[in-house]
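**Student:** Here it is, the structure, as structure tokens.
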2 protein chains.
Amino acid sequence: MNPDLRQIRAFVTVAQLGSFTRAASLLNVSQPALTVQIRNLEEALGVRLFDRNTRTVSLTRMGREFVPALQRILRDLDAIVAEARDVAALRHGIVRLAALPSFASGVLPEIIAQFREANPKISFVIHDVIASGVVAQIREEQVDLGLTGGRIVDPDFEVLHTTQDHMHVVYPVGHSFGDMEQVDVEALTLHPLILMHPATSVRSVVDAAFLAAGRLPIVAAEATYMSTAVGMVRAGLGAAILPGSAMEVRAEQTLRSRPVDDRRFTREISIIKKAERTLPPASESFAHTLIQTLQTA
Amino acid sequence: MNPDLRQIRAFVTVAQLGSFTRAASLLNVSQPALTVQIRNLEEALGVRLFDRNTRTVSLTRMGREFVPALQRILRDLDAIVAEARDVAALRHGIVRLAALPSFASGVLPEIIAQFREANPKISFVIHDVIASGVVAQIREEQVDLGLTGGRIVDPDFEVLHTTQDHMHVVYPVGHSFGDMEQVDVEALTLHPLILMHPATSVRSVVDAAFLAAGRLPIVAAEATYMSTAVGMVRAGLGAAILPGSAMEVRAEQTLRSRPVDDRRFTREISIIKKAERTLPPASESFAHTLIQTLQTA
DNA sequence: CAGGATTCATAACCTCAGCCTATTACTGTG
DNA sequence: CACAGTAATAGGCTGAGGTTATGAATCCTG
């Protein structure tokens, strides 16, 4: 028969205390139970571990040699168990998350900060990549949670939540957009615009909206990063069309923003994970607060 | 509840094989048993380890993180168990032995060589010390087995075997001892003798024997090491009185030896160990062959 | 030195953890 | 769409291991 963890715990405890009786009370078992456990362990190893008579207990040479190694095993195992329970209790852990840059730089930091206030030992790994990157990273399990645009149909993924991300127009103080009753497609086509680079999901939404309306925008410039686009607006190159999720970037006195008055200027945002995959507790919990925050906002 | 070794083995095996059914057959349990073990482990850790549906099993991220650590624990433990069983089966081990120099250099090497032929992986640690040193080293448990002279009365020690060590006289070819019918006390007192140093157990036996016979020897020289005494004999300083156990030192063409014809010139040799102490298997086994060899010789 | 106290070992009994068989439920595949 | 293969569940049973009671040996104390 092979040794058992209880037998090993019994052995180490008796070795430390030098007494079956005291070890038994420490381990919350009866003294005869300990006697049997030690005997079974000795039989399993084929080696006598204690020299004992009715009054005294002492390790044999072999027993003495095994104590440290077995102690280490118990310590290691206990550490693993404690780690697992810490992770389960959100006492620590890592949230791995891929998100579109608009979110990563926009609403996400705030939500993370709020979450970490409640769970300070949880750390985050954020990959800010384009939409196709988000999907790829989840498929390869680089990341557990994804925040991406567009509708997900692939059954390999599970959509935890969907929300709308409406486009805003960002313009300098004094721009005529500020005076208009409503800024619709028509209004947008009258002014030079700063659009995101064609490879971005924001741009494809914008292009699709103009196309559906049968209009063509005046493209003054294209930017890969939203902060670049904002800089161009500040420089007077035109007005930018940026997603509402990223509106934090326009926190500048000289700029204004307002939603585009056309519901086609909307993209769908999904929180996704791999289908049939349980999230680590930390990610699971974060996904919940993320969903709730997006719903109430 | 705390995890169990069987649960951990089950987990690691399922993780490696990616299948409950195959893991079950490898572990010689039924598949439902494994299902339950994994569930219990997950409950104990508070963490889901596998994502499983009826067709496929795969590790969760947490599960994947725990596999190597748990594997290491199993490997370590298995190594300890194997080590213990090796020791028990005399596949290896160390015999720690303190012996009088006369034995250590005399009969002992031969007996050890013979023992190691049968158990080649057993190694020896020999402390060759004077009689009081043998006793002290056993008391302090520096050593498990002792080979010493004199009668042991201390109940802290257990005498495994006792044998007689008779004194021999060693003399050069041509010495008149060679022509005598018998070399008794009387004969010894007629010639200059080389005796061992007074601190040795051999000398105390010799002194006691002369005293009991009411005779005084002519002491030509004293030596601490028996090889020195033999050298003195070779140089013609006289005849030496040495124990039979050390007769191997006289393997020289120019010397002869014969037993002293007086049974008082005998010391008692004891194989001892600490009382109430089980010997390690290797020492236990060696003690047996030692006793048998001394009995048949 | 006798007897009480303490400690480990043994015995007898009992309970429930955990295994097995049988069956269900589900899913991927041809 | 049916079948084959896999994990989960249910129910019944067995034995490992626990408890209490008692024995045996040793140490301590008056």
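The values are calculated or read from the model by the stated rules, or taken from the named source; none is laboratory data. Nothing here was measured: the structure is a model prediction, and the numbers come from that model. Note that we place each Cβ from the backbone using ideal geometry, even for glycine, and neighbour counts take in every protein chain shown. The accessibility values were calculated without ligands, DNA or RNA, using every heavy atom of the protein model including side chains. Shrake-Rupley method; radii C 1.70, N 1.55, O 1.52, S 1.80 Å.
**Student:** Calculate, axis by axis, the spread of Cα positions in segment A:5-88 along the three principal axes, and write the results as whole Å, longest axis first.
**Tutor:** The Cα atoms of segment A:5-88 stretch 46, 25, 20 Å along their principal axes.
**Student:** Between B:Gln137, B:Gln182, B:Gln31, where does the largest GNM mean-square fluctuation fall for chain B, given springs only between Cα atoms within less than 10 Å?
**Tutor:** In the Gaussian network model the winner is B:Gln31.
**Student:** Under the rule of at least 5 residues apart or a separate chain, name every residue whose amide H is placed under 5 Å from the amide H of B:Ala223.
**Tutor:** Excluding prolines and chain starts, which carry no amide H, the hits are B:Leu195, B:Met196, B:His197.
**Student:** From the phi of every residue in segment A:97-113, what ³J(HN,Hα) in whole Hz does the Karplus formula 6.51 cos²θ - 1.76 cosθ + 1.60 yield, where θ is phi - 60° and glycine or proline is x?
**Tutor:** For segment A:97-113, the Karplus curve yields 9, 10, 9, 4, x, 4, 6, 4, 9, x, 6, 4, x, 5, 5, 5, 4 Hz.
**Student:** Over segment B:166-265, calculate the relative contact order: mean separation of alpha carbon pairs under 8 Å at least 6 apart, over the residue count, as a percent.
**Tutor:** Reported as a whole number, the value is 49 percent.
**Student:** Enter the buried accessible area of the A/B pair, total of both sides, probe 1.4 Å, in Å² rounded to the nearest 100.
**Tutor:** Buried: approximately 3500 Å² between B and A.
**Student:** A further question follows. Just which residues of segment A:38-67 lose 40 Å² or more accessible area with every protein chain there, against their chain alone, with the probe set to 1.4 Å?
**Tutor:** Those are A:Leu45, A:Asp51, A:Arg61, A:Met62, A:Phe66, which lose 40 Å² or more relative to the chain on its own.
**Student:** Just to confirm the number: angle between the C-alpha axis of helix A:31-45 and the first principal axis of chain A, 0 to 90 degrees, nearest 10?
**Tutor:** 80 degrees
**Student:** If contacts are Cα pairs under 8 angstrom and at least 6 residues apart, what is the relative contact order of chain A in percent?
**Tutor:** The value is 21 percent.
**Student:** Still on this structure: Which residues of segment A:256-297 show a drop of at least 50 Å² in accessible area when all protein chains are present, compared with their chain alone (probe radius 1.4 Å, heavy atoms only, ligands and nucleic acids excluded)?
**Tutor:** The answer is A:Arg277, A:Thr278.
**Student:** Ok, one more. Which residue, A:Ala282, A:Ala199, A:Ala23, has the most motion in a Gaussian network model of chain A that connects Cα atoms within less than 10 Å?
**Tutor:** Of A:Ala282, A:Ala199, A:Ala23, the Gaussian network model singles out A:Ala23 as fluctuating most.
**Student:** Does any residue of segment A:79-115 lose at least 50 Å² of accessible area with all protein chains in place compared with its chain alone, and if so which ones (probe 1.4 Å)?
**Tutor:** A:Ile80, A:Ala84, A:Arg85
**Student:** Ignoring ligands, DNA and RNA, what accessible area per residue does chain A give at 1.4 Å, in Å²?
**Tutor:** 48 Å²
**Student:** How far apart are the B:Leu74 label points across copies, placing each 7 Å from Cα toward Cβ, in nm, shortest first?
**Tutor:** Its label point is 2.3 nm from the equivalent points in the other copies.
**Student:** Moving on. Taking chain B as a Gaussian network, Cα atoms linked when under 10 Å apart, which of B:Arg39, B:Arg277, B:Arg203 shows the biggest mean-square fluctuation?
**Tutor:** Looking only at B:Arg39, B:Arg277, B:Arg203, the biggest GNM fluctuation is shown by B:Arg39.
**Student:** Shifting gears a bit: Between B:Glu268 and the same site in the other copies, what are the distances in nm, shortest first, taking label points 7 Å from Cα along the C-beta direction?
**Tutor:** List, nearest first: 10.0 nm.
**Student:** Which angle between 0 and 90 degrees, to the nearest 10, do you get for helix B:5-17 versus the longest principal axis of chain B when only C-alpha atoms count?
**Tutor:** 60 degrees
**Student:** Return the equivalent ellipsoid semi-axes of segment A:217-297 as a descending list in whole Å, where each equals the square root of 5 times an eigenvalue of the C-alpha gyration tensor.
**Tutor:** Semi-axis lengths for segment A:217-297 are 33, 14, 13 Å.
**Student:** Roughly to the nearest percent, how much of the accessible area of the protein assembly as shown is carbon and sulfur, given a 1.4 Å probe?
**Tutor:** 52 percent
**Student:** Any idea what angle helix A:281-296 forms with the longest principal axis of chain A, computed on alpha-carbon atoms, 0 to 90 degrees, nearest 10?
**Tutor:** Between helix and principal axis, roughly 30 degrees.
**Student:** A further question on this structure: Keeping all protein chains in position, work out how much accessible area A:Asp262 exposes to a 1.4 Å probe, and write it in Å² to the nearest 10.
**Tutor:** Rounded to the nearest 10, the figure is 20 Å².
**Student:** What are the GluC sites (Glu not before Pro) within segment B:165-245 that DSSP puts in a loop, where the Cβ has at most 11 other Cβ atoms within 10 Å?
**Tutor:** Of the GluC sites (Glu not before Pro), the ones in loops of segment B:165-245 whose Cβ has at most 11 other Cβ atoms within 10 Å are B:Glu181.
**Student:** Then there is this: Would you kindly calculate the translational diffusion coefficient of the protein assembly as shown, applying Stokes-Einstein with the Kirkwood radius from alpha carbon pairs, for 25 °C and a viscosity of 0.890 mPa s, and quote it in µm² s⁻¹ without decimals?
**Tutor:** Rounded, D is 76 µm²/s.
**Student:** What ³J(HN,Hα) values, in whole Hz, does the Karplus curve 6.51 cos²θ - 1.76 cosθ + 1.60 give for segment B:170-178 when θ = phi - 60°, with x put for Gly and Pro?
**Tutor:** Each residue's phi maps through the Karplus curve to give 10, 8, x, 3, x, 5, 5, 4, x Hz.
**Student:** Mind listing the long-range amide H neighbours of B:Arg96? Cut-off is under 5 Å, sequence gap 5 or more, other chains count too, H placed in the peptide plane at 1.01 Å from N.
**Tutor:** B:Val125, B:Asp144, B:Leu145
**Student:** Where the label is 7 Å out from Cα toward Cβ, how close does A:Ser58 come to the same position in every other copy, in nm, shortest first?
**Tutor:** 5.9
**Student:** Let me ask something else about it. Would you mind calculating the relative contact order of segment A:5-88 from Cα pairs under 8 angstrom and at least 6 residues apart, reporting the percent as a whole number?
**Tutor:** Dividing the mean separation by the residue count of segment A:5-88 yields 26 percent.
**Student:** Continuing with this model, one more query. Need one word for segment A:165-266: rounded, prolate or oblate. Basis is the Cα gyration tensor (sqrt eigenvalues a ≥ b ≥ c); a/c below 1.5 gives rounded, then a/b vs b/c decides.
**Tutor:** Note, shape of segment A:165-266 comes out rounded.
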